[in-house]
Each structure stands twice: as C-alpha cells, then as structure tokens.
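See below for the structure under consideration.
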Amino acid sequence: MNMNFKCKLPIPAEVKEQYPVSEETQKIITERNAEIADIIRGKNDRLMLIIGPCSADNEDSVLDYIFRLRGVQEKVSDKILIVPRIYTNKPRTTGKGYKGMLHQPDPSKEPDMYKGIVAIRKMHLRAIQETGFTCADEMLYPENHRYLNDLLGYVAVGARSVENQQHRLTASGLNVPVGMKNPVSGSLAVLMNSIEAAQSGHTFLYRGWEVTTNGNELAHSILRGYENHHSQSMPNYHYETLQLLCDMYEAKGFANPAAIIDTNHCNSGKRPFEQPRIVKEVLSSRKYSSDIRKLVKGFMIESYIEDGSQKIDEHIYGKSITDPCIGWEKTEKMIYEIADRI
C-alpha cells in the first residue's frame with residue numbers, strides 16, 4: 001500500500017473531553033440551533049444569511065469578522081438570522097493547494113492534522129462563547145464530522161461530495177440543517193435524490209461501527225450554479241430555475257420545500273462583487289411568487305474583512321487565501337439593504 005501512516009489521531013470523544021461544552025454554552029447552542037431549524041422548517045419567516053470567509057484561515061481575523069457580524073445582527077434581528085461561516089475544510093478541484101485549518105492550522109507551515117483538529121474545535125467554541133453564534137461548516141470528510149458535531153448550527157455538503165453515498169448517509173444522521181449543493185453538472189434530479197437520501201433512514205458503516213439513522217427532515221437544497229460542457233460557469237438562481245425547483249419538490253412529495261441560494265461560485269462566475277446584485281434579483285423573485293418565497297430560506301455569501309483574495313505568503317489581515325470575497329464595508333451595506341427589502 002502506497003500510504004505512510006504518520007500518526008494515530010485521537011477519537012472525537014477524547015477531543016471533546018479535552019475541550020468540552022459547558023452548560024452555559026450548551027444552552028446557547030440549543031436555543032440558537034432551534035432558531036436555525038425553524039427557518040428551514042418554515043416556522044420562522046426571517047431570512048437566513050450563511051455568511052463569512054471562503055475558508056477560515058486565521059482564528060484572530062475570523063473571530064474579528066464574526067464580532068462585526070454580531071453588531072449587525074442586533075440591528076436586523078427582526079428580519080434576518082445570521083449564521084457565520086467557519087469553513088475549516090477546503091475542497092480542492094485537483095487536490096492541490098490549501099485544504100483548510102483542519103490540515104494546516106497555520107497556512108505557512110506543514111500540515112498537522114492533530115493540531116488542526118484542536119484548532120478548529122477551539123475556534124468554533126470561541127465563536128459560540130464570545131459572540132453567541134453557532135456557525136456553519138462544510139462536511140468535507142464525513143468521518144471527521146464528530147469532532148465538531150456538538151458545536152455546529154448548520155452543515156453544508158459540497159457540489160463534489162453530494163453524489164457520494166457516505167456523505168448522504170451521514171447527513172441522514174445529523175440533527176441540524178444540512179444543505180446539499182447541486183452537483184457541478186447542475187443536475188437538479190441528482191440534487192433531489194441527495195435530499196431524499198438524507199431525509200431517509202439508513203443502516204451503514206461509520207467509523208468502524210454499524211449505525212442506523214432515522215433521516216434528517218432538515219436536509220435541503222443549495223443552488224450554487226454549475227459548469228456546462230465547456231467548463232463555463234452557469235447560474236441557477238433565476239426565477240425560472242427557482243420555479244422548477246418548487247415543482248420538483250412538489251413532485252417528490254416533500255412536505256417542506258427549502259433552498260439556500262449560494263451567491264458566489266458558479267452563480268457569480270467567482271466574481272464576488274456580483275453577490276449583492278444576485279441577492280437583489282432573488283429577493284425580487286420571492287416578492288413576485290409566493291411559492292418561491294416559501295422555497296428560498298436565505299443566502300450563502302462569501303465575505304471577509306478585505307475585498308478579493310491573496311496568495312498565502314502575502315499575509316494581509318482578513319483577506320481570503322482561497323476564493324475572493326467581498327469585504328466588510330460592502331457586506332455591511334448589503335445586509336442592511338436586504339433588511340430594507342424584506
């Protein structure tokens with residue numbers, strides 16, 4: 001076997017014992033996550049914004065950013081629920097490049113996954129304890145999810161993972177909302193199948209155990225655009241696609257249609273400054289159609305302190321080292337504009 005077994009990592013229970021959740025923190029998690037779940041269920045008509053850096057690359061700047069969101073949340077709390085992105089795993093199309101804090105807690109140093117596991121748990125804990133936010137993360141590796149599963153408010157399954165059986169089955173066993181992104185091909189039929197799988201109960205192998213799940217009623221869709229046969233970015237946030245998705249939910253017999261619109265990636269062609277415009281168009285569609293209003297529960301937005309992106313060795317505070325983001329000034333303005341429009 002062409003593998004070098006570097007070291008055996010601690011199991012999630014051991015890490016949780018070392019970095020536990022206090023009773024006070026658990027109360028925050030329970031209350032916050034009930035609010036997030038109610039939005040997906042349609043019991044709370046506030047709009048949800050899952051917003052933050054493309055990847056969480058530095059604890060200080062990520063927490064700085066989330067503290068800024070806290071101040072904005074207090075001003076728009078009657079209309080918007082903010083769920084910060086703390087994405088600690090970064091999928092790479094070719095496998096090359098920075099893979100997130102789980103792999104490299106310090107992007108300028110060599111990978112160290114034990115330090116990474118500790119770093120991401122401490123960062124999510126700090127966010128809850130110091131800002132009152134439970135946050136979103138991507139489930140890039142299903143077997144690693146339990147290092148954070150007691151802390152998260154929202155989980156995303158990426159476009160390259162959504163067709164993978166282990167991701168779908170693991171999603172069926174989570175107790176928080178799981179957004180299933182449409183695949184890179186853009187197939188809405190595949191997206192619907194992934195949601196059905198995540199909402200159903202299963203028996204499967206997980207971390208060396210035979211496990212059973214009851215299904216996750218909070219599994220839903222994320223529209224992130226797609227690539228055509230010429231590898232060109234194509235959007236899927238327009239009115240016609242949203243109406244089609246409504247029809248597909250109805251045909252599947254899902255009791256609660258729910259979708260989040262990812263305003264970056266192929267929907268923007270990775271042009272992050274298009275995100276406010278995309279949000280405005282979708283808000284207009286929600287106003288025009290009651291079905292689309294019921295369907296679209298919120299937006300996923302890539303935002304950080306500084307506009308754009310940088311190379312790893314540039315060390316500009318609060319600027320993405322992966323996909324480009326919109327900076328704080330544009331973000332704050334956009335959130336207030338959203339609140340004024342709903």
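Derivation of every value follows stated rules applied to the coordinates shown; laboratory data play no part. Just so you know, these numbers come straight off a predicted model, no measurement behind them. Neighbour counts run over all protein chains shown; Cβ positions are idealised from the backbone, glycine included.
Modelled this way, with points 7 Å down the Cα-to-C-beta line, the labels at residue 337 and residue 313 are 3.8 nm from one another.
When +1 charges are put on Lys and Arg Cβ atoms and -1 charges on Asp and Glu Cβ atoms, the dipole computed for the chain relative to its Cα centre reaches about 300 debye. Taking only Cα atoms and a 10 Å spring cutoff, compute GNM fluctuations for the chain and point out the largest among 310, 18, 243. Comparing 310, 18, 243 in a Gaussian network model of the chain, the most mobile one is 18.
Shown is the FRET efficiency for residue 70 and residue 109, computed with R0 = 35 Å from the Cβ-Cβ distance and rounded to the nearest 0.05: 0.70.
Take every pair of alpha-carbon atoms less than 8 Å apart whose residues are at least six positions apart; their mean separation over the length of region 28-341 yields a relative contact order of 17 percent.
So for 85, 277, fewest C-beta neighbours within 10 Å to most, what's the order?
Taking fewest neighbouring Cβ atoms as first place, the list is 277, 85.
Our coupling estimate for region 149-162, obtained by passing each phi through the Karplus curve with A = 6.51, B = -1.76, C = 1.60 and θ = phi - 60°, is 4, 7, 10, 7, x, 7, 10, 10, 10, x, 5, 7, 9, 5 Hz, Gly and Pro reported as x.
What fraction of the DSSP beta bridges in region 28-341 is antiparallel, stated in percent and rounded to the nearest 5? Please list the in-between numbers first.
Working: 7 of 37 bridges.
If we restrict to bridges inside region 28-341, about 20 percent are antiparallel.
Distance between the C-alpha centres of region 200-250 and region 41-61: 19 Å, rounded to the whole angstrom. In terms of its C-alpha gyration tensor, region 130-173 comes out prolate, because a/c is 1.5 or above and the ratio a/b outweighs b/c. Please give the residues of region 149-183, grouped as numeric ranges, whose backbone N is less than 18 Å from a label point set 7 Å along the Cα-to-Cβ vector of residue 38. Once the point is set 7 Å along Cα→Cβ of residue 38, 153-154, 176-177 turn out to lie under 18 Å by backbone N, inside region 149-183.
The residues packed around residue 184, meaning those with a beta-carbon under 14 Å from its beta-carbon, carry a net charge of +2 if Lys and Arg are +1 and Asp and Glu are -1.
Ordering 135, 7, 325 from the fewest to the most neighbouring beta carbons within 10 Å gives 7, 135, 325.
Based on the Cα atoms of region 188-314, what semi-axes does the equivalent ellipsoid have, where each is the square root of 5 times one gyration tensor eigenvalue, given in whole Å with the largest first?
That gives 28, 23, 14 Å for the three semi-axes.
Phi-derived couplings, Karplus 6.51 cos²θ - 1.76 cosθ + 1.60 at θ = phi - 60°, listed residue by residue for region 19-25: 10, x, 9, 6, 4, 5, 5 Hz, with x used for Gly and Pro. What relative contact order, as a whole-number percentage, does region 57-172 give when Cα pairs under 8 Å and 6 or more residues apart are counted? Across region 57-172, relative contact order equals 22 percent. Modelled label positions at residue 255 and residue 26, each set 7 Å beyond Cα in the direction of Cβ, lie 2.8 nm from each other. Rounded, prolate or oblate for the chain? Axes are the square roots of the Cα gyration tensor eigenvalues, ordered a ≥ b ≥ c, and the cut-off for rounded is a/c under 1.5. Judged from the Cα gyration tensor, the chain comes out rounded (a/c under 1.5).
Taking the charge dipole of the chain about its Cα centre, with +1 at Lys and Arg Cβ atoms and -1 at Asp and Glu Cβ atoms, the residue from 296, 175, 193 reaching farthest to the positive side is 193. GNM on the chain, alpha-carbon springs under 10 angstrom: the most fluctuating residue among 326, 312, 40 is 312. D for region 1-73, whole µm²/s, Stokes-Einstein with Kirkwood Rh over alpha-carbon pairs at 20 °C and 1.002 mPa s: what number? Taking Rh from Cα pairs, D becomes 132 µm²/s.
Which translational diffusion coefficient, to the nearest whole µm²/s, is obtained for region 263-342 from the Stokes-Einstein equation, given a Kirkwood hydrodynamic radius over C-alpha pairs, 25 °C and 0.890 mPa s?
Answer, rounded: 182 µm²/s.
Normalised by the number of residues in region 211-302, the mean separation of alpha-carbon contacts (under 8 Å, six or more apart) gives a relative contact order of 31 percent. Modelled label positions at residue 229 and residue 130, each set 7 Å beyond Cα in the direction of Cβ, lie 5.2 nm from each other. Checking the Cα-Cα distances for 27/297; 43/99; 297/319; 16/280 against a 31 Å cut-off, the pairs over it are 43/99; 16/280.
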